[in-house]
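Asker: Would you mind keeping the following structure in view while I ask a few things?
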Amino acid sequence: MTRIRGFEIVSKYRDENITLPRRQTIASAGYDLAAAVDMEIPSIWRLNFVRIFRIIRNGHQLYESDYQQAEAILKPFLVPTGVKAYMPEDEVLILANRSSNTFRRNLSLPNGIGVVDADYYNNPDNEGELFAQLLNYGVRTIKIHQGDRIAQGIFVQYRKTDDDQPVSRERLSGFGSTNKKES
């Protein structure tokens with residue numbers, strides 16, 4: 001049987017009781033992705049960048065060190081899933097938030113959706129492991145436990161333009177890869 005698309009457990013989690021994503025109902029479009037580890041996502045309101053907002057609100061001047069401090073702190077947390085996805089070259093895996101994350105847990109995907117290209121699979125940086133970027137906009141720290149469903153993945157075929165001329169590059173790194181080498 002030829003494999004076309006699906007999920008595999010990355011080698012570093014092979015013995016960690018990771019389950020492969022699955023759809024929850026017959027008509028579900030998304031495959032639920034679960035956290036591979038326990039972790040806490042602190043509230044953005046408890047992070048030190050709030051000091052920067054006070055400075056802005058009071059009309060004080062910001063210095064480069066203020067910007068750098070805020071940018072270093074206000075970043076999404078990467079929650080590992082322990083799985084990777086394979087698919088045909090003309091497909092993409094869209095990572096989307098679960099409605100219960102925003103409605104019940106105050107968790108959002110700050111980039112809206114994640115786009116996982118087919119050539120992310122087995123990249124040398126992290127074996128193509130999928131991560132969910134999460135930001136906690138609530139006031140309490142959110143505890144995520146291994147096995148908690150944190151995002152959903154939807155396989156989508158995409159189309160190319162008639163005059164498509166992609167740059168010939170090889171993916172060299174993992175998550176958030178824009179560091180590509182010309183071939």
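The values are calculated or read from the model by the stated rules, or taken from the named source; none is laboratory data. As the structure is a prediction and not an experimental result, all values here were calculated from the model. As a convention, Cβ positions derive from the backbone with ideal geometry for all residues, glycine included, and neighbour counts pool all protein chains shown.
Asker: Got a sec? Which of TYR67, TYR137 is in contact with a helix residue (DSSP H, G or I) (Cβ under 7 Å, 6 or more places away or on another chain) and more than 23 Å from ARG14 (Cα to Cα)?
Answerer: TYR137
Asker: What pairs come up if the first residue lies in region 148-162 and is under 17 Å from PHE77 (Cα atoms), the second is part of a loop (DSSP other than H, G, I, E, B) and modelled with pLDDT of 95 or more, and their beta carbons are under 6 Å apart, counting only those six or more places apart or on different chains?
Answerer: Sorted first by the residue in region 148-162, then by its partner, the pairs are ASP148/ALA35; ILE150/ALA35; GLN152/GLY30.
Asker: Cβ-Cβ distance below 9 Å, separation of 6 or more or different chains: which pairs start in region 29-52 with a residue that is on the phi > 0 side of the Ramachandran plot and among the acidic types (Asp, Glu) and end on one that is part of a helix (DSSP H, G or I) and buried (at least 18 other Cβ atoms within 10 Å of the Cβ)?
Answerer: Every condition considered, no pair remains.
Asker: Mind listing just one residue for me: the one in region 95-105 that is crowded, with 18+ Cβ neighbours inside 10 Å and either in contact with a helix residue (DSSP H, G or I) (Cβ under 9 Å, 6 or more places away or on another chain) or not hydrophobic (A, V, I, L, M, F, W, C) (or both) and, of those, farthest from VAL167 (Cα to Cα)?
Answerer: Across region 95-105, the extreme among qualifying residues is ARG105.
Asker: Next question, about the same structure. Determine if region 58-77 includes at least one residue that is within 17 Å of ALA35 (Cα to Cα), touching a residue at least 60 places away in the same chain (Cβ under 8 Å) and buried (at least 16 other Cβ atoms within 10 Å of the Cβ).
Answerer: Within region 58-77, none of the residues are within 17 Å of ALA35 (Cα to Cα), touching a residue at least 60 places away in the same chain (Cβ under 8 Å) and buried (at least 16 other Cβ atoms within 10 Å of the Cβ).
Asker: Only one of VAL83, VAL37, VAL92 is more than 23 Å from GLN146 (Cα to Cα), within 16 Å of the chain's Cα centre (by Cα) and β-branched (Val, Ile, Thr). Can you tell me which?
Answerer: VAL92
Asker: Can you find a residue in region 19-36 that is β-branched (Val, Ile, Thr), touching a Ser or Thr at 6+ places or on another chain (Cβ under 9 Å) and within 24 Å of GLY153 (Cα to Cα)?
Answerer: Within region 19-36, none of the residues are β-branched (Val, Ile, Thr), touching a Ser or Thr at 6+ places or on another chain (Cβ under 9 Å) and within 24 Å of GLY153 (Cα to Cα).
Asker: Are any residues in region 106-117 surrounded by fewer than 17 Cβ atoms within 10 Å (Cβ to Cβ) and hydrophobic (A, V, I, L, M, F, W, C), and if so, which ones?
Answerer: ILE113, VAL115
Rundown of residues vs (1) of a type outside the set (Lys, Arg); (2) modelled with pLDDT of 95 or more; (3) touching a Ser or Thr at 6+ places or on another chain (Cβ under 8 Å), yes/no style:
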| position | (1), (2), (3) |
| --- | --- |
| LYS75 | no, no, no |
| ALA85 | yes, yes, no |
| ASN101 | yes, no, yes |
| ARG105 | no, no, no |
| ASN111 | yes, no, no |
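Asker: Which ones in region 46-80 are of a type outside the set (Lys, Arg) and within 17 Å of the chain's Cα centre (by Cα)?
Answerer: Residues satisfying the conditions are LEU74, PRO76, PHE77, LEU78, VAL79, PRO80.
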